[in-house]
Each structure stands twice: as C-alpha cells, then as structure tokens.
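Some notes on the structure that comes next.
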Amino acid sequence: MSEISEKQANSVVQLKEWVKGQPHLPQNLDEHLLLRFAHSCYYDMDKAKTTVETFFTVRNSCSDLLTNRDPNSHHMQKIMKVINIGQYELSDNTCLWLWQINDPGLDTYDYTLDAKLFFLTTDAFFMSDKHLYESDIVLMDVKDISLKFITKLNISVARKLAKYQEDAIPIRLKQVHVINAPSFIDKIYGVLKPFMRKEHTEMIHFHSPKSETLFKYIKKEDLPEDYGGLKPSLAELTEDSLEKVMNNREQLLDENLWRTKKNGTSADEGSFRKLAID
C-alpha cells in the first residue's frame with residue numbers, strides 16, 4: 001500500500017488478524033480492500049467487520065451476477081452498449097458514481113445484465129483506484145426509462161442489489177440523485193422502495209427534466225460535459241471504466257473472487273437469509 005496514517009495501518013492490522021479467525025473468509029485479502037472497509041465505516045472496527053461479513057455473504061448469494069461475466073462475451077458487450085457507467089472525483093474529495101440507460105424503448109436493456117455490469121465495473125474500480133474518498137454520491141440519469149422498466153425487473157436481483165449497496169459495498173454513500181426523472185418515476189420507485197431502508201430512501205433526490213435543482217447539491221462545473229459541466233463526457237467516463245475492467249479481466253474472471261469458501265452455511269442462501277433481507 002502507499003503511505004497511510006498510523007490509524008489506518010492499525011485498522012488494517014486489526015482486520016487482518018480478525019480475518020485469520022474467520023475460516024470461511026478468503027485469507028489473502030488485499031490490504032487496500034481491508035482499508036476501504038475500515039475507511040467506509042469511519043474506522044469503527046466492529047462495523048467494519050460486520051460490513052466485511054455482509055460483503056462476502058451477499059456476494060456468495062449472487063452467483064448469477066458474479067459468474068459468466070467475461071467483458072468480451074456477447075451478452076456483456078450487449079449491455080455495455082446501452083449503459084454509461086463510471087466514477088470520478090469531485091473538487092471536495094467526493095467520488096461521483098454515474099449510471100445512465102442509453103436505450104430508448106428499452107428493447108436491448110436487461111436488468112440482470114445491468115446488475116452484472118455494476119458488479120463487474122465496481123470490482124474493477126476497487127482494484128484500480130487506491131484513493132480514499134470522504135464521501136460518495138450516486139447520479140442516475142433515467143432519460144430513457146419508461147414503465148416498461150417494471151417488466152424488466154428481477155425482484156430477487158433487486159433485493160440482493162439493495163442489500164449489497166446499502167450494507168456491503170465499502171463506500172461512504174451520502175446522496176443519490178435521479179435526474180431526468182419522468183412524472184411516472186414514483187411507480188417504478190414504488191416497486192423498488194420496499195427493498196430499501198428508510199435511511200437510504202432519505203438520501204434519494206429526484207430531479208425532473210430540464211430542472212436545475214441538482215446544482216444545489218453538485219456544482220455544475222463538477223458535472224460531465226453532457227450536463228454543461230467541465231468534466232469528461234459520459235462516453236469518455238464509460239470508456240475509462242471499461243478500460244479498468246479490461247486491465248483486470250483475468251482477475252475478474254475468477255469466479256471465486258471475493259467470495260466466501262463453500263463450507264457449511266457460510267456459502268449458501270441460508271447465510272444470506274440470516275442477514276434479514278428476505
């Protein structure tokens with residue numbers, strides 16, 4: 001790891017020692033990944049340990065999302081053509097996570113493949129980006145969404161994805177902004193909301209098309225050029241995100257990556273149910 005503070009180094013040591021006592025967890029975890037968990041929990045070690053457990057348990061329940069995800073495969077290339085996705089740093093040491101459906105009519109869009117792409121690009125980001133951000137903001141552009149989206153939903157995947165994003169992914173999520181939100185967005189949100197905790201739903205802000213309310217939260221100049229900002233375009237950010245995937249392709253194709261050992265209930269759906277998501 002690059003130079004870190006004594007507090008950060010101690011947190012990594014504590015987590016490494018704790019992992020040694022957890023035989024169902026991988027014993028060769030990258031130190032920076034462990035540091036991410038500690039940082040995301042503001043160095044509360046009990047919370048960090050819980051987050052690590054949840055991270056691996058949820059991933060173990062998501063075999064369909066973490067296997068058969070070669071970025072060169074036909075099905076992954078298909079979803080990559082209709083999703084813009086990426087991350088970059090804002091001026092206040094915040095990481096902005098971007099997602100956009102670029103598929104009018106939703107004829108190509110596949111919800112499960114979209115979730116698979118989310119895991120793939122996020123895993124690649126954690127492998128490539130060593131910076132620790134003070135906070136994280138999600139920006140979702142739903143310009144091409146329609147009520148047809150409801151028919152594309154996979155409820156089981158949505159439930160697991162919500163659990164992973166709320167309780168397992170090692171980031172400091174502060175806000176979620178849904179832009180270009182149509183008048184019927186409440187109907188789609190109503191389907192997804194039951195899977196989310198109140199503290200998470202309170203982070204979500206909806207912004208109608210041509211609205212400038214987003215600028216109350218994010219400076220316009222900090223946005224991609226697609227939205228009148230000074231940052232790279234969504235196409236460029238997506239290209240950068242997919243480049244990270246390709247650079248880490250061999251490791252990402254390992255179907256045991258960041259998953260618990262298949263030993264007892266640690267690796268099955270039963271363990272996942274104990275995390276109170278069903």
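Please work out whether segment 114-161 counts as rounded, prolate or oblate from its C-alpha gyration tensor, where a ≥ b ≥ c are the square roots of the eigenvalues and a/c under 1.5 means rounded, while otherwise a/b larger than b/c means prolate and anything else oblate?
Judged from the Cα gyration tensor, segment 114-161 comes out prolate (a/c at least 1.5, a/b above b/c).
For segment 1-146, what is the accessible area per residue in Å² when the probe is 1.4 Å?
That works out to 39 Å² for each residue.
Which of the listed residues, His75, Leu237, Leu147, is farthest toward the dipole's positive end in the chain, when Lys, Arg count +1 and Asp, Glu count -1 at the beta-carbon?
Leu147
Sorting check: for 236-244, 163-171, which peptide has the highest mean count of neighbouring beta carbons within 10 Å, and how do the rest follow?
163-171, 236-244
For segment 71-127, rounded, prolate or oblate, judged on the Cα gyration tensor with a ≥ b ≥ c (square roots of eigenvalues), a/c < 1.5 rounded, else prolate if a/b > b/c?
oblate
Quick check: the distance between the Cα centres of segment 123-140 and segment 204-229, to the nearest angstrom?
20
Whose amide H sits under 5 Å from the amide H of Asp141, counting only residues 5 or more places off or on another chain, with H placed in the peptide plane?
Here Trp99, Gln100, Ile101, Ile179 satisfy the definition.
Can you work out ³J(HN,Hα) from phi for every residue in segment 17-27, in order, using Karplus 6.51 cos²θ - 1.76 cosθ + 1.60 and θ = phi - 60°, giving whole Hz and x for Gly and Pro?
The phi angles translate into 5, 5, 4, 4, x, 10, x, 7, 8, x, 9 Hz.
Per residue, how large is the accessible surface of segment 151-255? Use a 1.4 angstrom probe and give square angstrom.
Value returned for segment 151-255: 55 Å² of accessible area per residue.
Tell me, what ³J(HN,Hα) does each residue in segment 5-15 have, in order and in whole Hz, if you take phi through Karplus 6.51 cos²θ - 1.76 cosθ + 1.60 with θ = phi - 60° and put x for Gly and Pro?
Using θ = phi - 60°, the values come out as 6, 4, 4, 5, 4, 5, 5, 5, 4, 4, 5 Hz.
Counting only protein heavy atoms and a 1.4 Å probe, tell me what percentage of segment 76-191's accessible area is made up of carbon and sulfur.
Answer for segment 76-191: carbon and sulfur cover 51 percent of the accessible area.
Give the cross-link partners of Lys210 among the lysines, using a straight C-alpha distance below 23 Å as the criterion and excluding same-chain residues fewer than 8 apart.
Excluding near neighbours in sequence, the set is Lys143, Lys148, Lys187, Lys219, Lys220, Lys231.
Match the structure shown to one of the listed values [x] 14; [y] 39; [z] 57 of percent of Cα pairs over 35 Å apart, computed from it, and give that label.
Entry [x].
For segment 105-113, what does the Karplus curve 6.51 cos²θ - 1.76 cosθ + 1.60, with θ = phi - 60°, yield as ³J(HN,Hα) per residue in whole Hz, taken in order and with x for Gly and Pro?
x, 6, 6, 9, 4, 9, 4, 5, 5
By how many degrees, 0 to 90 and rounded to 10, does the Cα axis of helix 234-247 deviate from the longest principal axis of the chain?
30
The values are calculated or read from the model by the stated rules, or taken from the named source; none is laboratory data. The shown structure was predicted, so the numbers you read here are calculated from the model rather than taken from an experiment. With ideal geometry, Cβ positions are generated from the backbone for all residues, glycine too; neighbour counts draw on all protein chains shown. Heads up: the accessible areas ignore ligands, DNA and RNA and are worked out on the full protein's heavy atoms, side chains in. Shrake-Rupley method; radii C 1.70, N 1.55, O 1.52, S 1.80 Å.
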